[in-house]
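The values are calculated or read from the model by the stated rules, or taken from the named source; none is laboratory data. Since this is a predicted model, take the numbers as computed values, not measurements. FYI the Cβ positions are ideal-geometry reconstructions off the backbone, even for glycines, and counts take in every protein chain you see. For accessibility, only protein heavy atoms count, side chains too; no ligands or nucleic acids. Shrake-Rupley method; radii C 1.70, N 1.55, O 1.52, S 1.80 Å.
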Amino acid sequence: MDITERFLNYTKFDTQSAEDSESVPSTPKQLIFAEYLKKELESEGLEDVELDEKGYLYATLPSNIKEKVPTIGFISHYDTSPDCSGADIKPQIIRNYNGGEILLSEGIVSSPKKFPELLHHRGEDLIVTDGHTLLGADDKAGIAEIVQAMCYLRDHKDIRHGDIRIAFNPDEEIGMGAHHFDVEKFGCEWAYTMDGGDVGELEFENFNAASAKITIKGISVHPGYAKGKMVNANALAAEFAKMLPADETPETTEGYQGFYHLLGIQSNIEEAKMSYIIRDHDRDIFEDRKRFVQRCADRMNEKYGEGTVICEVKDQYYNMKEKIDPQMHVIDVVLHAMQACEVAPKVRPIRGGTDGAQLSFKGLPCPNIFAGGVNFHGPYEFVSIQSMEKAMQVIVKICEIVADFNN
């Protein structure tokens, strides 16, 4: 089976996760795909194939050398984003893309005018959607690349490698992918998530992240008799939002700049609930941002009475850079592998999070490597077949380099 067929098989499964679920995995349909993957890994001859009750799938490609070298791992998530339908995906292959518009379905066009990234893949074979669902390259492309690389190593015994562990997990898209990952069972000195974007991306810096839940208590009184009595939670929610810097939002920031992001408001006169996320690459500034949100709530309580505004801030994940910096050989291996595969590295900070960030703080250094997909979480998502093949080659080369790690 080639990497294209493997990936297309994976897209047949609806594996959308759900933010409002309390089960693990968050949707039962993810387990259907996990069971399929388990059987595939077994049929491909991998060893120690284990699927636990929470949907975490582990397997091993045993070493083909006698000497002791580091055990490393490769990880991808199999859930797809709740932001766009992942059911009944109808992928199409655009052979030798010419750089023009792509008709996905009647009236739905993917154009380089809107998505200039398309032009980076002129002459390549693109897998696209029909414009009604996402594609699922995030992160089924990563899974296909890892499995294909293991099969390649299995079939090319002249390529030296140590023990290689692989793992596939649910619920990354809702920030829960690493929560039940068994690092001890995985048994690696370090690992890589294959969950980045376009060719060459290598990420070992990400946001520090927190959530902030703001609850505002109002008092409802008939508007004809409300003077001096009514406290309109709707108005107080608007007032609170204006206290946060207007130029520190996702739509006004880039690079290393952090932000406050209002995800949603549920509001009436008696009660308003506001949901924020807080992000910054710098840990000290991140802590300042959290304190600032609390101070805004305190000022509202000074003005309208204690208990009017309740602020709950919870940390979500931290910048993996502080865990990777002391072990930069983990990055050097990837850079050497990319060079050998004629891939130009694009080292950049993630303006978001990754399972690798949480895993790094659980004791498994885990930077993020490109999987080749572009325009994630929407109907204009696409992946180049050649990009997936490059990612697979980088995985193989990493394994080969680590086999000579102690030489």
Considering the values [x] 24.9; [y] 22.6; [z] 21.5, which represents mean projected area of the Cα convex hull in nm² as calculated for the structure under consideration?
-> [y]
Out of all DSSP beta bridges with both ends in the chain, state the antiparallel percent to the nearest 5.
-> 75
Give me the accessible area per residue for the chain, probe 1.4 Å, as a whole number in Å².
-> 44
Given charges at beta-carbon only (K, R positive; D, E negative), |dipole| of segment 1-112 in Debye = 400
Length-normalised contact order of segment 162-262, Cα under 8 Å, at least 6 apart, in percent, tallies to 12
Largest first, how would Glu205, Glu287, Glu189 line up by accessible area (1.4 Å probe)?
-> Glu189, Glu287, Glu205
Against the longest alpha carbon principal axis of the chain, how many degrees, from 0 to 90 and to the nearest 10, is the axis of helix 329-340 turned?
-> 60
With a 1.4 angstrom probe the carbon and sulfur portion of accessible area for the chain, in percent, totals 49
With every protein chain left in place, what is the accessible area of Asp158 in Å² (1.4 Å probe, nearest 10)?
-> 120
Which order do Glu67, Glu271 take when ranked by solvent-accessible area (1.4 Å probe, heavy atoms of all protein chains), largest first?
-> Glu67, Glu271
Sorting Phe376, Gln316, Met300 by the position of each Cα along the dipole of the chain (Lys, Arg +1; Asp, Glu -1; all at Cβ), the one nearest the positive end of that ordering is Met300
Of the options Val24, His121, Gly264, report the single residue whose Cα projects farthest towards the positive end of the charge dipole of the chain (beta-carbon charges: Lys, Arg +1; Asp, Glu -1).
-> Gly264
For Val49, Val109, what's the largest-to-smallest order of accessible area, 1.4 Å probe?
-> Val109, Val49
Apply the Karplus parameterisation 6.51 cos²θ - 1.76 cosθ + 1.60, with θ equal to phi minus 60°, to every residue of segment 354-369 and state each ³J(HN,Hα) to the nearest whole Hz, in sequence, with x for glycine and proline.
-> 7, 3, x, 5, 5, 5, 4, 7, 9, x, 10, x, 8, x, 10, 10
Just how large is the dipole of segment 37-87 about the Cα centre, in debye to the nearest 20, putting +1 at every Lys and Arg Cβ and -1 at every Asp and Glu Cβ?
-> 180
So, in Å, what gap is there between the alpha-carbon centers of segment 354-407 and segment 89-123?
-> 24
Excluding near-sequence neighbours (fewer than 8 apart on one chain), segment 169-297 holds lysine pairs with C-alpha atoms under 27 Å apart numbering 16
Please report the orientation-averaged projected area of segment 1-61, defined via the convex hull of its C-alpha atoms, in nm².
-> 4.5
Computed over the chain: longest principal axis from alpha-carbon atoms vs helix 283-304 long axis, angle to nearest 10 degrees, is 20
Roughly how many debye, to the nearest 20, is the charge dipole of segment 279-354 about its Cα centre, given +1 on each Lys and Arg Cβ, -1 on each Asp and Glu Cβ, and no other charges?
-> 240
Along the positive direction of the dipole of segment 160-294 (beta-carbon charges: Lys, Arg +1; Asp, Glu -1; about the Cα centre), which of Ile285, Phe204, Met230 reaches farthest?
-> Met230
Relative contact order computed over segment 311-404 (Cα-Cα under 8 Å; 6+ residues apart), in percent = 33
Among Tyr318, Tyr97, Tyr304, the residue with the largest mean-square fluctuation in a Gaussian network model of the chain built from Cα contacts under 10 Å is Tyr304
What is the packing order of peptides 78-86, 337-345, taking the mean over residues of other C-beta atoms within 10 Å and listing the highest first?
-> 78-86, 337-345
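Defining a contact as two alpha carbons under 8 Å apart and six or more residues distant in sequence, what relative contact order in percent does segment 1-86 show?
Reported as a whole number, the value is 31 percent.
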